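Working notes for the structure below.
The values are calculated or read from the model by the stated rules, or taken from the named source; none is laboratory data. Since the model is a prediction, treat every value here as computed from it, not as a measurement. When we count neighbours, we look across all protein chains shown, and the Cβ atoms used for this are built from the backbone with ideal geometry, even at glycine. These accessible areas exclude ligands, DNA and RNA; they are computed on the full protein's heavy atoms, side chains included. Shrake-Rupley method; radii C 1.70, N 1.55, O 1.52, S 1.80 Å.
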Amino acid sequence: MNSNKFILLAFCFAASAVAAQSPTEYFNAGSSLQSWQDPGLSEVLEECSNPADPIAFPFTRSDPAHTQIQAIELPPVNEGIDGIVADNSAWEMVWAWNGNNTDGPIATEDGGLMFANNDASNVIRLSPDGSAEIVYANLNTPGALSRNKQGELFVLERGLNPAVKQLEPQRQIFADTYQGDPLDCVGGIVNDLVADAKGGVYFTITQAGFYYADPEGEITRYGNNVVGTNGIILSPEEDVLYVTNGPVVMAFDVREDGSLFNQREFGTLSSGGGDGMAVDNQGRLYVSTGSSVDVFATDGERLGTIPGPQGLHGVVFSGEDKRFLYAIVLRGTFQGMPDNWIIRIPIETQGYLGRAK
């Protein structure tokens, strides 16, 4: 099949799914701001004991009326990875929406997905049948979700006065200060998180490192020269923490109290910078690179790469028995209204079943 026909068929599939669910009709794309975009940030920084320079990118406020979803090409996987993805496997479209949304996805028990919506300041649950519903609203520009082994659900909020917030079993601020100052004071963008079985939460702040909020919400910073952080995840046994640092994945051993030691380089990506990650039932690591998914063995050997579309920035296992690898794709930038896609590919292994991600 030539590439033009592939693009057309893929878009037709996605367009029919979008039409059936009418996401742009039933779900307002929103126009929430991340902290660095908020004009009120300067006032907050004036009260910081040691304020960092805020991150800044040119951006245009999203237009909730934008509804035109552009087609994307899903590259074929001509060469698979033994025991992980078969030769000639193919990505398929699952859902699409407009806005800086669809971030930090986790699996749900029924084989669906739950994900944060940055612009719309809510959380959506996508069922296996393709239907969607808002399950948490009126959040502060949420960017990522994590559910620990005990079932507690957390979200990382990116708006002014960012925070790690608990959504289940009760909705409350879990952690929002570092050394007595608001998280705005460290600079960067709060990005991704993973909740551990101890009741704590590890989270990244891009261009400012990564942190651990212990079960009491006390925040400690970790890592030496690890500032290009983005994706973060625990091994299935939760004895190793992985965090991306630009094109490199770092690993840390985890003590009983959640503190970290033995920092080391775990693996180097095939291209791009690391973003959202997932683990399978054998502890192998799947790292999104911006255009693909790199797969690493537990010893750091890169086993291969699953090619994907440009803008692929997060992965999670879900579907029946977690036999599909889902990916989120963002096409566009802060200038204007980007498109967001959820795609998936069948996997020969299985995602880790003991945690939502």
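For (1) modelled with pLDDT of 95 or more; (2) under 19 Å from the mean Cα position of the chain (by Cα), each residue gets a yes or a no:
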| position | (1), (2) |
| --- | --- |
| G187 | no, no |
| F210 | yes, yes |
| S235 | yes, yes |
| D239 | yes, no |
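For the stretch 276-357, which strands (runs of 3 or more DSSP E) that fit wholly inside it have 1 or more residues that are farther than 18 Å from A116 by Cα, charged (D, E, K, R) and open to solvent by less than 10 Å² (accessible area, probe 1.4 Å)? Correct list: 290-296.
Looking only at residues of the stretch 214-271 that are under 15 Å from S288 (Cα atoms) and of a type in the set (S, T, N, Q), we find that the one that is surrounded by the most Cβ atoms within 10 Å (Cβ to Cβ) is T244. Residues in the stretch 131-140 that are open to solvent by less than 70 Å² (accessible area, probe 1.4 Å) and assigned to a loop (DSSP other than H, G, I, E, B): S131, A137, L139, N140. The residue pairs whose first member lies in the stretch 77-106 and is at pLDDT 95 or above, whose second member is aromatic (F, W, Y), and whose beta carbons are closer than 6 Å, counting only pairs six or more residues apart or on different chains, are P105/F115. Applying the set (1) modelled with pLDDT of 95 or more; (2) more than 25 Å from A116 (Cα to Cα) to N225 leaves exactly one unmet item: (1).
For Q282, the conditions (1) at pLDDT below 95; (2) polar (S, T, N, Q); (3) over 17 Å from the mean Cα position of the chain (by Cα) are fulfilled apart from (1).
All conditions in (1) modelled with pLDDT under 95; (2) more than 28 Å from R264 (Cα to Cα) hold for D181, with the sole exception of (1). In the set (1) open to solvent by 20 Å² or more (accessible area, probe 1.4 Å); (2) more than 19 Å from I106 (Cβ to Cβ); (3) of a type in the set (A, V, I, L, M), the condition left unmet by A197 is number (2). Tell me whether the stretch 9-30 contains one or more residues that are of a type in the set (F, W, Y), modelled with pLDDT of 50 or more and assigned to a loop (DSSP other than H, G, I, E, B). Scanning the stretch 9-30 turns up at least one residue that is of a type in the set (F, W, Y), modelled with pLDDT of 50 or more and assigned to a loop (DSSP other than H, G, I, E, B). Of all residues assigned to the stretch 39-58, none qualifies as being under 29 Å from E157 (Cα atoms), modelled with pLDDT under 85, β-branched (V, I, T) and open to solvent by 50 Å² or more (accessible area, probe 1.4 Å). Here P128 meets each of (1) part of a strand (DSSP E or B); (2) open to solvent by 10 Å² or more (accessible area, probe 1.4 Å); (3) closer than 23 Å to K322 by Cβ with one exception, condition (1). With respect to the conditions (1) open to solvent by 30 Å² or more (accessible area, probe 1.4 Å); (2) part of a loop (DSSP other than H, G, I, E, B), D119 falls short on a single one, namely (1). Within the stretch 155-183, the residues that satisfy the criterion of being touching a helix residue (DSSP H, G or I) at 6+ places or on another chain (Cβ under 9 Å) and open to solvent by 10 Å² or more (accessible area, probe 1.4 Å) are R158, L160, N161, D176, T177, Y178, Q179, P182.
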